[in-house]
Amino acid sequence: MTRVTLLTSLRRIKPDHQRYLGLAAFMGLTIIASLWIGEHYPFSNFPMYGNPNPRAVDYYFLTDASGGPLPTGKLTGDSAPKLKKRLNTSLNEWARANPKTGKSNMPPEVRARISQEILDTFVRQSQQRGTPLPDRVQLWRGDIFSSPQGYYENFTLEAAN
Amino acid sequence: MTSLLNDIRTQGVKTALLGGTTLRHAGRLEGFFLRLLFAIVVYISLQSYPAYQTLLKPVGIAAWPGLWQWLGWDLTRLADPVFWDLCLRWAYAALGFYVIGFGLPVALPVVTLIHIAIRTLNNSQGAAHHGFQMVSLALLAQTLVVWFLAAVRTRAFLAKRPLPPWAASGNWTWLWMYTIAVIAATYVTSVCTKLEKSGGQWLLNSPYVAGQIVKTHRQNYYNDLDPRFIQGQPPAASPVPDPATDRYRHPIPVQADWLARHPAIARVIFGAGFLLELFTLLAVFDRRAALLIGLGLVSLHGSIGWLMELTFPLNERTVGVFYVNAAGWLILMIKDPAWRPSGKILTVSFLTAAALLGAHLATATADTLAAHFLDLSQHPASLIPDLFNWPAALKWPWVLATQTILLSALILIGKSLWPQRSPAPPPGEVR
């Protein structure tokens, strides 16, 4: 009965309005599905730059043992932003599994282990594609701070081979 | 094919090909161009081959263990160049059927599956890349549309009932509109996430994006050590050596510096992009809304490219095909006298297009803001592979023609939104 009433009501809507109703419903469902499913390709909630704030912005890069920068893309086949993305994925995964500690209170030895694992995946990848990273390679984190006087940066060694 | 021949016999070539195109509908020839141009975008995106041999963090279909157990293999099989070559052959054959508009309920799922599979392998490494989602989602939406239409047509055939006009052969409105809708949904999803993650403070806090601009320039530099991203200056330690601080101090990009010093203007600039993303929903209204929003989105991506050195070429090209849709506008202008530009409009549009092209050629080698916005690689015609490597005698007339059509369309849209007043009646005439 309800179904018949609903269909009858829908049929009474002008064809142009039916079309927009259908498109609106489709867009609504796609948006809800994308937000609910999250980062599961082809869906995504597109979280990039979603929360600008005054905290330091971090980025990661590779150097040789003497600190000379290495071209991440040319040697590993993956762009430099993927260093950060992969590390964050693993750190977030650990934080989800340890909700009491969380990411901010993560023990330094856990972070060091995860950073080392990520560095190792890039080393393996560079070997597999025939453009190996040097035997001694370092993973650095740069933190960009903004202040009324301008920007300044700090650097921390995250992992080394 | 049979229906095309029937329509040509009964209605003539022009009506059969152009007849269905209106402000809100896509006819047969427009449908062909939409499919041809989108097939080029899909082809370009399939050239990117991430041959990962592991699934470090499986996502999407890669995270369905039951499926792979049943198949007896997993997505890393795509890393085998021989198997991937076979997949590409299937994809190209299916794209051929897609372009001619035959067997879509089978051809589209083949392309969709292959496209989603290879990008899922890429995104299953613990690092999501967002440059291909729009193409995959557009393919997925089109698959749903052609399946739905196939079901409606089969039902009508079995019941021996006539097809409703919207499901008739040669009407490509659904494919066009639902692709526009799914593209709009991706932008609005991004707005929802911004609001959710920032606690509704995104616009207020948007000047802090300036710090991210510094980050993207640094990351681009470390990608292949291109000194362009550190303003041509090689990395140097600070005068007082300190391995922990300022070890790799590079110049701050001028854009980031300027935005940080002008937070109110930064809010206006980022706010405009935010609102444009939100109002992308309105593009489903008709082709006028789609063109205006499409040009806005292409400009938005161009601005992000300049500010952050982050480009989304496939998104721009997909928006270029379905939103800007120069081919659809040309067909509407030929078919409908009400949308045919006068000689005056065409002249003004051509001269403006020529001036834009001249300005581009004059600034092509300069690294300035003006040069960036005149860069024709942002042009909707750039979706043609290697267009800008074509001989000058071919590429510039092509660009001029496309620009002229689009500028004429913009003038016609303006005229349609502000109808001219009817002339005042002569004195003494009774209305």
Could you sort A:140, B:70 by accessible area so the largest value comes first, with the probe set to 1.4 Å? B:70, A:140
Relative contact order (%) - criterion: Cα under 8 Å, at least six apart; region: chain B: 17
Take every Cα-Cα distance within the range B:8-83, group them into 10 Å bins from 0 onward, and report for each bin the whole-number percent of pairs it holds. 15, 26, 19, 16, 18, 6
For residue A:37, solvent-accessible area (1.4 Å; no DNA, RNA or ligand), Å²: 60
Across the residues of A:67-73, average count of Cβ atoms on other protein chains within 10 Å? 5
So for the range B:101-182, averaging the separation of alpha carbon pairs under 8 Å that are six or more residues apart and normalising by length, what relative contact order in percent results? 33
Sticking with the crude label model, points 7 Å out along Cα→Cβ, report the distance from residue B:355 to residue B:416 in nm, one decimal please. 2.5
Ordering of A:103-111, A:62-70, B:336-344 by burial proxy (mean other Cβ atoms within 10 Å per residue, highest first): A:62-70, B:336-344, A:103-111
Just by accessible area at a 1.4 angstrom probe, what is the order of A:40, B:250 from largest to smallest? A:40, B:250
Taking the 0 to 90 degree range and rounding to the nearest ten, how far is the long axis of helix A:81-97 tilted relative to the main principal axis of chain A, both from C-alpha atoms? 70
How large are Rg and Dmax for chain A when only the alpha carbon atoms are used, in Å? 23.8, 77
Give me the accessible area per residue for chain A, probe 1.4 Å, as a whole number in Å². 54
Among B:209-217, B:251-259, A:47-55, what's the highest-first ranking by average C-beta atoms within 10 angstrom per residue? B:209-217, B:251-259, A:47-55
Residue farthest toward the positive end of the dipole of the protein assembly as shown, with Cβ of Lys/Arg at +1 and Asp/Glu at -1: which of B:21, B:126, B:185? B:21
Could you state the angle between the C-alpha long axis of helix A:15-37 and the longest principal axis of the C-alpha atoms of chain A, as a value from 0 to 90 degrees rounded to the nearest 10? 30
As an exercise, take the mean of 1/r over every pair of distinct alpha carbons in the protein assembly as shown, invert it, and state the Kirkwood radius in angstroms. 26.7
For chain A, find the longest principal axis of its Cα atoms and tell me its angle to the long axis of helix A:108-128, 0 to 90°, nearest 10. 90
Taking all pairs of distinct alpha-carbon atoms in the range B:341-417, Kirkwood radius in angstrom: 13.2
How large is the charge dipole for chain B, taken about the Cα centre, if only the Cβ atoms of Lys, Arg (+1) and Asp, Glu (-1) carry charge, to the nearest 20 debye? 1380
Would you kindly calculate the mean projected area, averaged across all directions, of the convex hull enclosing the Cα atoms of the range B:271-385, in square nanometres? 8.3
What is the magnitude of the charge dipole of the protein assembly as shown about its Cα centre, with +1 placed on the Cβ of each Lys and Arg, -1 on the Cβ of each Asp and Glu, and no other charges, expressed in debye to the nearest 20? 2160
Using 1/(1 + (r/R0)^6) with R0 = 41 angstrom and r between the beta carbons of residue B:228 and residue B:390, what's the FRET efficiency to the nearest 0.05? 0.95
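Suppose a student asked you for the relative contact order of the range B:1-145, using Cα pairs under 8 Å spaced at least 6 residues apart; what percent would you report?
25
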Carbon and sulfur: what percent of chain A's accessible surface (1.4 Å probe)? 58
Label-to-label distance, nm, for residues given as residue B:22 and residue B:264 (7 Å Cα→Cβ offset): 4.9
State which entries of A:84/B:194; B:194/B:215; B:197/B:415; A:85/B:395 exceed 30 angstrom in Cα-Cα distance in the structure shown. B:197/B:415; A:85/B:395
Inter-part gap, Cα centre of the range A:106-161 to Cα centre of the range B:303-365, in whole angstrom, is 44
Relative to the present Cα-Cα distance, how much length would full extension add between residue A:51 and residue A:24 at 0.36 nm per residue of separation? 7.0 nm
For chain B, which DSSP H helices look membrane-span-like by this rule: Cα extent along the axis of 15 Å or more and mean Kyte-Doolittle of at least 0.0? B:28-46, B:81-100, B:104-123, B:133-158, B:173-197, B:263-278, B:287-308, B:343-363, B:392-417
Taking every residue of B:51-61, the Cβ atoms of other protein chains inside 10 Å of its Cβ average out to 4
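The values are calculated or read from the model by the stated rules, or taken from the named source; none is laboratory data. Keep in mind that this is a model prediction, so the values were computed, not measured. All Cβ positions, even for glycine, are placed from backbone atoms using ideal geometry, and neighbour counts span all protein chains on display. Accessible surface areas use protein heavy atoms only, side chains included; no ligands, DNA or RNA. Shrake-Rupley method; radii C 1.70, N 1.55, O 1.52, S 1.80 Å.
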